[in-house]
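Notes for the one structure printed next.
The values are calculated or read from the model by the stated rules, or taken from the named source; none is laboratory data. As the structure is a prediction and not an experimental result, all values here were calculated from the model. Backbone-built Cβ (ideal geometry, glycine too); neighbour counts: all protein chains shown. We work out accessible area using only protein heavy atoms, side chains counted, and drop any ligands, DNA or RNA first. Shrake-Rupley method; radii C 1.70, N 1.55, O 1.52, S 1.80 Å.
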Amino acid sequence: MPNETFKKLYVDELKDLYSAENQLVKALPKMAKAATSEELREGFEEHLEQTKGQVQRLDTIFQSLNESPKGKKCMGMEGLVKEGSEVMEEDLEHAVLDAALIGAAQRVEHYEIAAYGTVCEFAKVLGETKHASLLEKTLEEEKQTDEKLTELAKEINAQANEPGSPREEDEGKAGRRTPKRAA
Ligand SMILES: [Fe+2]
């Protein structure tokens, strides 16, 4: 017989993840819209579809536990999403904005990797092998997404570091610094 308090902790952690994933389902389209690199935008759109599938996996787990997935708000994800929207509100140049978006997205992935790693191990100890394999699938997807973002960042960070690439629509706008040119 599992320890009921530990089992409750497992369910609570799953509820937290359910809230986190659903917050992300709302945030990812905004991040995709803000991204200027086509590759990054597609990456966000792809991860949105993946995230919807991850919500379904959690639904399956809650059904088997005969528990409601609702009732918790993931404050960690709320903070991360808020930081992501702050990035979008800043008036950043194209590649710099993309570099900042990648930074925000990787924070999200690392948070999820930690959370899924935890619940996956909990599931194993509780003898919930089916849950563990579902959670493992999601964990792998989050790791892959993080790696893809790291790859994308190499190219985008280099672009972001190029001198003087103002946003076209801002060219000639008063109050904006003109790009420094090599003398
Ligand atoms: Fe996720």
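Would you rank 16, 98 by solvent-accessible area, highest first, keeping every protein chain in place and using a 1.4 Å probe?
16, 98
Taking 22 Å as R0, compute the FRET efficiency from the Cβ-Cβ separation of residue 3 and residue 68 and round it to 0.05.
My answer for the efficiency is 0.55.
Past 18 Å, Cα to Cα, is the threshold; run 7/72; 33/137; 30/154; 8/72; 8/73 against it and keep the listed order. Could you put the intermediate results ahead of the total?
On the way: 7/72 16 Å; 33/137 27 Å; 30/154 23 Å; 8/72 13 Å; 8/73 16 Å.
Table pairs above 18 Å Cα-Cα are 33/137; 30/154.
Given labels modelled 7 Å from the Cα in the Cβ direction, how far is it in nm from residue 162 to residue 33?
Calculated label separation equals 2.7 nm.
Taking 41 Å as R0, compute the FRET efficiency from the Cβ-Cβ separation of residue 91 and residue 144 and round it to 0.05.
Between residue 91 and residue 144 the formula returns 0.80.
Could you work out [θ]222 nm for the chain from helices alone, using -39500 (n - 2.57) per DSSP H run of at least four and dividing by all its residues? Round to the nearest 500 deg cm²/dmol.
Rounded to the nearest 500, the figure is -27000 deg cm²/dmol.
Among rounded, prolate and oblate, which fits the range 7-71 when a ≥ b ≥ c are the square roots of the eigenvalues of its C-alpha gyration tensor, a/c under 1.5 means rounded, and a/b larger than b/c means prolate? Before the final figure, lay out each step's value.
Values: a/c = 3.88, a/b = 2.74, b/c = 1.42.
Cα axes put the range 7-71 in the prolate bin.
Could you check how much of the accessible area of the range 1-133 is carbon and sulfur, as a whole percent, using a 1.4 Å probe?
Ligands and nucleic acids excluded, carbon and sulfur reach 51 percent.
Return the single residue from 58, 28, 92 with maximal mean-square fluctuation; model: Gaussian network over the chain, springs between Cα atoms under 10 Å.
Sorting by GNM fluctuation, first place goes to 92.
Could you rank 88, 31, 1 by how accessible they are, 1.4 Å probe, largest area first?
1, 88, 31
Return the distance in nm (one decimal) between the two label points of a simple spin-label model at residue 126 and residue 60, each offset 7 Å from Cα along Cα→Cβ.
Computed distance between label sites residue 126 and residue 60 equals 1.7 nm.
Under a 1.4 Å probe, what is the accessible area of the chain per residue, stated in Å²?
59 Å²
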